[in-house]
Amino acid sequence: MTIDWKRDGRRILAVVLAGALMALNIKSFVRAGDLFPGGVTGLSVLIQRLAEKFWGVQLPYSPINLLLNAFPVYVGFRFVGKKFTLLSLLNIIATSVLTDLFPGFVITEDPLLIAVFGGILSGTAVSMCLRADATSGGTDFIAIYLSQKRGVETWNLVLGFNVIILCIAGYFFGWEEALYSIIFQFVSTQTLHALYRSYQKQTLFVVTKKAQEVCDSIHDACHHGATISVVEGSHSHEPYRMVYSVISGEDVKPTLQAVKEADPEAFVNSIHSTEVRGHFYMKPKD
């Protein structure tokens, strides 16, 4: 595990700030609206509220969240990436400790505003972690392991986990709070989708006379391969080659620049890909 002090220092700062933002969100919007976020965070909040409801005990957030993250952190450290897991663990610790330290306060009592703006803060904090090549912990470790190492589609698993949390919360604390929690999670997901593009896929169609040079430039820019097809201009009837490649959303800008340098005359069409099956190169976690 090599250390790049400048880059890793920025990553550490990012995950700590993300943890502070998550803690602020929990102590303001989540608690004020009695919401239940997704993942292990939501499960931790649910356990706290169940303990208070049935036993009259106010459990601290830190030990619950850290205990629930123990196994996912082991999976991350063992199978995903050591530095990636350590940075994620730093975020988990920062979020847990600061949640107990920050005073609770109410910004607004409107449940819809709480769900919307709380979701925005949640999505922003998670995107900060992901941009630092870390995660907010919990089910993210399991999802990354299953998707990258086992090739298992994890969306339904994560969704099912969140549905169970919301069903339990709705049964014990009222369905209105569970429904507002769905809005919270939806807004958080949409915010993450807008701010972080690495998990998104983009398809490139490049019409060129320098196909091999373009393919090499794509591989050098993002380590993705390409397919070359023979095509013909409909008007000029000149022979061309079409290079087809699917890349990560975060690689689009540098890859397009590399293609332009390889062939300034190339015609490029970039479209969003909703689903990709088969082998797709994913940058390994460090």
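Bear in mind that the values in this text are calculations on the coordinates, not laboratory data. Predicted, not measured: the structure shown is a model, and the values here were computed from it. We place every Cβ from the backbone using ideal geometry, glycine too, and count neighbours over all the protein chains shown.
Results, tabulated for the structure shown:
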| item | result |
| --- | --- |
| The chain, helix-only ellipticity at 222 nm - DSSP H runs n ≥ 4, -39,500 (n - 2.57), divided by all residues, nearest 500 | -18500 deg cm²/dmol |
| Top of Met128, Met22, Met242 by mean-square fluctuation, Gaussian network on the chain, Cα under 10 Å | Met242 |
| Exposure proxy ranking, count of Cβ atoms within 10 Å, fewest first, for Leu195, Leu90, Leu43 | Leu195, Leu90, Leu43 |
| Relative contact order (%) - criterion: Cα under 8 Å, at least six apart; region: segment 1-147 | 41 |
| For the chain: relative contact order, % (alpha-carbon pairs under 8 angstrom, 6 or more apart) | 21 |
| Debye log10 I(q)/I(0) for segment 35-167, one point scatterer per Cα, at q = 0.11, 0.16, 0.22 Å⁻¹ | -0.42, -0.90, -1.55 |
| Helix runs (DSSP H) in the chain reaching 18 Å along axis by Cα, Kyte-Doolittle at least 1.0 | 82-101, 111-131, 155-173 |
| For segment 201-273: relative contact order, % (alpha-carbon pairs under 8 angstrom, 6 or more apart) | 50 |
| Coordinate range along principal axes, alpha carbons of segment 167-286, Å, largest first | 69, 39, 24 |
| Kirkwood hydrodynamic radius over Cα pairs of the chain, then Stokes diffusion coefficient at 20 °C and 1.002 mPa s, in µm²/s | 102 |
| Least to most buried among Leu204, Leu101 (fewest other Cβ within 10 Å first) | Leu101, Leu204 |
